[in-house]
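To start, the structure itself, in structure tokens.
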Amino acid sequence: MKPKNRTIFHEDVEKVLSQLDDSTFTLIYLDPSWGTSRDRGKGAKKTGEDNERFLTRVLQNCHRLLADN
């Protein structure tokens, strides 16, 4: 998927990033702490290791989405 200019997504970040085409953007602005302490409905909050894995996946997707130029 290629979004139109000035698109704002109000979705799960991993879901949106996985649907976007490679090399789509020249700039990606992230403002985390999305999902880093949210209770996922299982009664336990995410740990530091969970946060690190989550942010690693997000950053890897962002790297894939950046254009070469």
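The values are calculated or read from the model by the stated rules, or taken from the named source; none is laboratory data. The shown structure was predicted, so the numbers you read here are calculated from the model rather than taken from an experiment. Every residue, glycine among them, receives a Cβ derived from its backbone with ideal geometry; neighbour counts consider all protein chains shown. Keep in mind that these areas ignore ligands, DNA and RNA; they rest on the heavy atoms of the full protein, side chains included. Shrake-Rupley method; radii C 1.70, N 1.55, O 1.52, S 1.80 Å.
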Can you run down the residue pairs with Cβ atoms below 6 Å, 6 or more apart or on separate chains, where the first is in region 7-30 and free of Cβ contacts under 8 Å to residues at least 12 places away in the same chain and the partner is assigned to a helix (DSSP H, G or I)?
Phe9/Val16
Only residues that are modelled with pLDDT of 80 or more and either under 23 Å from Asn5 (Cα atoms) or open to solvent by less than 70 Å² (accessible area, probe 1.4 Å) (or both): list them for region 44-58, please.
Asp50, Asn51, Phe54, Leu55, Thr56, Val58
With the requirement that a residue be modelled with pLDDT under 60 and over 11 Å from the mean Cα position of the chain (by Cα), what does region 18-43 give you?
Thr36, Ser37, Arg38, Asp39, Arg40, Gly41, Lys42, Gly43
